[in-house]
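A quick write-up on the structure given underneath.
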Amino acid sequence: RIDTKKWSPCERGTSDWNNFMTRDPRCYSVKDGILHLLGIPNDGNDKDKVPYLTGGVTSKGKIEIRARFKSAKGAWPALWMLGVERGWPANGEIDLMEHLNFDKLVYQTVHSNYTLKIDKSNTPPKGATAAIKVDDFNTYGAEWDTEKIVFTVNEKPSHTYPRVSEKGAEQWPFDQPFYIIMSMQI
């Protein structure tokens, strides 16, 4: 079972990542100690008109993530974090991993008011891609301190996002508590 002391289901919202989220138990299973988050067609529930239902969990504490994502057309699994102190994008977002379809790579990105609205030059670069072992377990992470975020895949650095003090607080909202979200989207 999912340890409810550490995890809670993602709530449905209006963003691309959570517009199909559900508590439906068909989208969650634990087998041999491995959590499976699924996306399934909505089977015609008259009260819920969304075409798909997807599973996702958010953290209630610190965690390290080793995960496997099966490739599938239209699949968009993600492991990411949001800051708790402000609304998005001012709170900052750290995407440990986004995997699209059958790609042999993942996207690792930060988002903030600065990266989305202010800086169109992408300076410093807000993200990068990293190769993965497709359909196998990979370990995704980010280590950050007051001066930088270093993304990792399989314990190797894959991208560094530095704090640039002269660009101000909108460039660096990463000085607050963050929580983890694991989600499957279609």
**OP:** Confirm whether Pro162 is at pLDDT 95 or above and not hydrophobic (A, V, I, L, M, F, W, C).
**Re:** yes
**OP:** Hey, can you tell me all the residues within the range 112-122 that are surrounded by fewer than 17 Cβ atoms within 10 Å (Cβ to Cβ) and either at pLDDT below 90 or assigned to a strand (DSSP E or B) (or both)?
**Re:** Lys117, Ile118, Lys120, Ser121, Asn122
Subject >> Filter result for the condition that a residue is exposed (fewer than 15 other Cβ atoms within 10 Å of the Cβ) and among the hydroxyl-bearing types (Ser, Thr, Tyr), over Thr129, Thr146, Thr109 >> reply: Thr146
Original post:
Gln176 versus (1) loosely packed, with under 13 Cβ neighbours inside 10 Å; (2) over 12 Å from Gly92 (Cβ atoms); (3) touching an Asp or Glu at 6+ places or on another chain (Cβ under 7 Å): which is the lone unmet condition?
Top reply: (2)
Original post:
On the given criteria, is Ser71 modelled with pLDDT under 90, surrounded by 12 or more Cβ atoms within 10 Å (Cβ to Cβ) and not β-branched (Val, Ile, Thr)?
Top reply: yes
Subject >> Residue ID - nearest to Lys49 (Cα to Cα), chosen from residues in the range 1-29 that are at pLDDT 90 or above and charged (D, E, K, R) >> reply: Arg12
Original post:
Name the residues in the range 75-89 that are open to solvent by less than 30 Å² (accessible area, probe 1.4 Å) and small (Gly, Ala, Ser), would you?
Top reply: Ala75, Ala78, Gly83
Original post:
Taking the stated definitions as given, is Gln185 under 25 Å from Leu53 (Cβ atoms), open to solvent by less than 70 Å² (accessible area, probe 1.4 Å) and in a loop (DSSP other than H, G, I, E, B)?
Top reply: yes
Original post:
Hey, does the range 49-56 have a residue that's under 19 Å from Met81 (Cα atoms), in contact with a Leu (Cβ under 7 Å, 6 or more places away or on another chain) and touching a residue at least 12 places away in the same chain (Cβ under 8 Å)?
Top reply: yes
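The values are calculated or read from the model by the stated rules, or taken from the named source; none is laboratory data. Predicted, not measured: the structure shown is a model, and the values here were computed from it. Quick reminder, even Gly has a Cβ in these numbers, built from the backbone with ideal geometry, and neighbours come from all protein chains shown. The accessibility values were calculated without ligands, DNA or RNA, using every heavy atom of the protein model including side chains. Shrake-Rupley method; radii C 1.70, N 1.55, O 1.52, S 1.80 Å.
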